Amino acid sequence: MAEDDDAYVHDEATGEWRPAAEVVPPAVPPVRDAAGNVLADGDAVTAIKDLKVKGANQTLKQGTVIRSIRLTDNPEEIDCRHESIKGLVLRTEFVRKR
């Protein structure tokens, strides 16, 4: 009988080898805006201050509404589109959920 290499996982916290079925992956923290509201894909957000957009030579004014955001792997950033700026990534500390 051959052993499966994936059957056991090394637990860094305890230093022990544990069965893979027992190991729970770490929870992903929720993405929150500047006011602490939880954000989700498709939400609309508002800029809370004027933001200079790098590479676009443009300023996103306070109060600008961004619709249909997408969450990224980084809980501090959201991916969004604005009619004049494609591929816009904003930090969650500068937006508020509508």
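Just so it is clear, none of the values below were taken in a lab; they were calculated from the coordinates. As the structure is a computational prediction, the values presented were derived from the model and not from experiment. Please note: Cβ atoms are built from the backbone with ideal geometry, for glycine as well, and neighbour counts cover all protein chains shown.
Remind me, what semi-axes does the chain give for its equivalent ellipsoid, largest first in whole Å, using sqrt of 5 times each Cα gyration tensor eigenvalue?
The answer is 41, 14, 11 Å, longest axis first.
Using label points projected 7 Å from each Cα along Cα→Cβ, tell me how many nm separate D11 and T72, to one decimal.
So the two model labels end up 3.5 nm from each other.
Work out the charge dipole of region 41-80 with +1 on the Cβ of Lys and Arg and -1 on the Cβ of Asp and Glu about the Cα centre, then indicate which of V45, C80, L60 is farthest towards its positive end.
L60
So if a site counts as exposed when it's one of the GluC sites (Glu not before Pro), its DSSP state isn't H, G, I, E or B, and it has at most 16 other Cβ atoms within 10 Å, what's the longest stretch of the chain without one?
Formally, the longest exposed-site-free interval is 23-75.
Can you return the lysines within cross-link range of K97? Criterion is Cα-Cα under 19 Å, with same-chain partners fewer than 8 residues away left out.
K49, K61
Only four residue types carry charge here, +1 at the Cβ of Lys and Arg and -1 at the Cβ of Asp and Glu. Report the dipole size of the chain about the Cα centre in Debye, rounded to the nearest 20.
Magnitude of the dipole: close to 1420 debye.
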